[in-house]
Structure formats: C-alpha cells, structure tokens
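All remarks here apply to the structure that follows.
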Amino acid sequence: MNYTLHQLQVFLKIVETNSVTKAAQELNLTQPAVSIQLKNFQEQFEIPLTEVIRKKLYVTDFGQQIALAAAAIVQQVEHMDQASRRFKGQLSGKLRISVVSTGKYVMPYFLTNFINQHPGINLFMDVTNKDKVVDALEANEVDFALVSIIPPLLAIEKIDLLQNKLFLVGHANKPISSLAKSAMPSELPFIFREKGSGTRQIMERFIEKSKLSFTKKMELTSNEAVKQAVLAGLGYSIMPLIGIKNELHNKQLSIYPIKGLPIKTTWSLIWLKGKQHTPVSATFIQHLKNEKTDITERFFNWYEKY
C-alpha cells in the first residue's frame, strides 16, 4: 500500500457527500483533481471502493470499511499534529461553528485574525438555515452558532457581534411608483426564503403584524438566490443589509422606505449554557470580547449610512 494522507482525506469527503463534484467543491479542488485522487487510491485495492449506477455514485460495503479505517488514520495524524504544536506552546485543535446562511457575510471578519494568529487551529464552518444551525448546536455537534434570532427554548450564552438590519429591496431600475411609506401594494411580486430560514421568520412576522397580503409569491432556498432573483427583476424582498453592500454601492439594488422597516435584530455568537469549552473555543471567546469593537469599526462602519 502506498496511499497518501491527501488521498485518504479526499476519499473521506467523497464518502461523506456521495459525489465527486460536491467533494471537489467542499475541498476547493477541481473535479478532475478529485477524480484523479480517487482513481489513484482505488488502484491500490482489487475490490471496488465505489460504483456508479445511473450516473449516481455509491460507496460499496468494502469502501465503507476502508472509510472507517481512513477516518481513524486521519484522526491519529491530527492528534500527532496537535501534540507537536502543544509541545511547542502553540494553540491547536478544531473550532466548529454553524452559521445561518446570511451570516457568511459576517462571521469570516470575526475569524480572520484569530485563525491567522493560531495556524494550528482547524476551522470547520457549516453554512445553512436557522433550523439546522439550532439543531447542530442543540446536538452539541458544534462549539458555536451564529444567529440573528435567539432560539427561545434553548439555554444558551452569547456574545453580541453586530446589528442586523432588514429592508425592502428591489431592482434599482424597477421603482415602485405607487409605493407609500405607510403600506405596500398587494400586487407586489414578493420573494421569500425557504421555511426554516431566520430571514423568512422575520419577514412573516412583519407581514402578519402589518396585515399585508400578496397575490404573487416566490420561495427560494438561499439569500444569494433571493438576491439574484431581485437583481433579475423577478420581484422584491425584505433582505438583510449585510448581504447587499456591493449591489447598493453599484446602484443595482434600491432600498424602499416602508413603515416598520428596517427590522433590527442582532448577530450573536451563541453556545450551550454550561458547555465545557476546549482551549481553542475558550480562547476564541476571549478574542471576540477583546476585538469585536475594533472589527466592527474597521469592516462594518458603512452600516451607519443606512
């Protein structure tokens, strides 16, 4: 056997995603590069690791057994690397964060200096909708979660990072001529996020409180998809300011004044109350307490214009 650590890591990602394409995306590699690594790894075994049926990839029973062994090897290598760094006095280990989809515009700025200061830390950041973020936190699968709506039934502790503002947004070349500051026309084609999204929950509360009704409605599964639909002129949406900075600056999108908007919430990093923090997660909390004001002033001062 002459496999490499990289081949093991690529194979494990293929097993996790059941797809060469998805594995390539998550590993930030090209699809041909992942295919080559899988081919080279397969050549070391006489029994197939995977099979393709009707263009869908499946991991064989033998492949599942090899994946278990590969995971154990990769874990041992990580332990050796962490032990080496600890011996040299360096902070090392995993930092696991689940982030609501719009939070991808926020969280990286609060991570950059910390990760650069501690190269021994492996960051795992999952970006998904609010319900899945809360589920991962409740199951203790992650150290932290970034949310803009605090889950009411979960005992948590938190650090508030940044205000979240949501506005009615439309294409800059499609003005709402009949729009008044006190109401929204019912014929407005309105674009929603999917159920389980924090933005969707905020929008629904606003609509219910304002007693608004819509004859036209679309539902899309990510904030980026909503933004692209609005840019294409398909409709209007209530969107977080954080995700449309460039489009506002380039005058591709416009904010429309509506009574009750903007809606304001807070981006908060939360964790389970009573959680036993690792040295990595405990140090990250302290880092945020020390640096969050400076980070906000450096990267989000444009917020004050809106």
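The values are calculated or read from the model by the stated rules, or taken from the named source; none is laboratory data. Predicted, not measured: the structure shown is a model, and the values here were computed from it. Glycine gets a Cβ as well: all are built from the backbone with ideal geometry, and neighbour counts include every protein chain shown.
Among the residues in region 141-149, are any in a helix (DSSP H, G or I), surrounded by 14 or more Cβ atoms within 10 Å (Cβ to Cβ) and hydroxyl-bearing (S, T, Y)? Within region 141-149, none of the residues are in a helix (DSSP H, G or I), surrounded by 14 or more Cβ atoms within 10 Å (Cβ to Cβ) and hydroxyl-bearing (S, T, Y).
Looking only at region 1-20, which residues are among the hydroxyl-bearing types (S, T, Y) and surrounded by 16 or more Cβ atoms within 10 Å (Cβ to Cβ)?
To start, the set of residues in region 1-20 that are among the hydroxyl-bearing types (S, T, Y) comprises 3-4, 17, 19.
Result: Y3, T17, S19.
Tell me the residue from I36, I97, I73, I47 that is modelled with pLDDT of 90 or more and assigned to a loop (DSSP other than H, G, I, E, B), please. Break it down into steps so the answer makes sense when it comes.
Working: I36 fails: assigned to a loop (DSSP other than H, G, I, E, B); I97 fails: assigned to a loop (DSSP other than H, G, I, E, B); I73 fails: assigned to a loop (DSSP other than H, G, I, E, B).
Of the residues listed, the single one that is modelled with pLDDT of 90 or more and assigned to a loop (DSSP other than H, G, I, E, B) is I47.
Go through the residues of region 292-303 one by one and say whether even a single one is modelled with pLDDT of 95 or more and part of a strand (DSSP E or B). No. Candidates are the residues of region 112-130 that are over 13 Å from the mean Cα position of the chain (by Cα) and hydrophobic (A, V, I, L, M, F, W, C); the one that is farthest from S148 (Cα to Cα) is I121.
Quick check on L68: is it under 27 Å from D126 (Cβ atoms), more than 21 Å from the chain's Cα centre (by Cα) and outside any helix (DSSP H, G or I)?
Answer is no for this residue.
Considering V74, V100, the condition of being among the β-branched types (V, I, T), under 27 Å from the mean Cα position of the chain (by Cα) and crowded, with 19+ Cβ neighbours inside 10 Å is satisfied by V100 alone.
Among the conditions (1) among the small types (G, A, S); (2) surrounded by 16 or more Cβ atoms within 10 Å (Cβ to Cβ); (3) not assigned by TED's automatic domain parsing to the domain that holds G103, the only one that S281 does not satisfy is (3).
In this structure, is L231 over 29 Å from P151 (Cα atoms) and surrounded by 14 or more Cβ atoms within 10 Å (Cβ to Cβ)? Criteria met by L231. Of all the numbered requirements in (1) closer than 18 Å to T102 by Cβ; (2) in contact (Cβ under 8 Å) with a residue 60 or more places away in the chain; (3) not basic (K, R), P257 misses one, and that requirement is (1). For region 6-33, filtered to residues that are part of a helix (DSSP H, G or I) and polar (S, T, N, Q), the residue that is modelled with the lowest pLDDT is Q25.
This table checks each residue for (1) surrounded by fewer than 17 Cβ atoms within 10 Å (Cβ to Cβ); (2) among the acidic types (D, E); (3) out of contact with any Phe, Trp or Tyr (no Cβ under 8 Å at 6 or more places or on another chain).
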| residue | (1), (2), (3) |
| --- | --- |
| K22 | yes, no, yes |
| E26 | yes, yes, yes |
| V34 | no, no, yes |
| K39 | yes, no, yes |
| D61 | yes, yes, yes |
| L68 | yes, no, yes |
| M80 | yes, no, yes |
| A83 | yes, no, yes |
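No other residue among E224, E204, E194 is in contact with a Gly (Cβ under 8 Å, 6 or more places away or on another chain), among the acidic types (D, E), within 16 Å of N129 (Cβ to Cβ) and at pLDDT 80 or above apart from E224.
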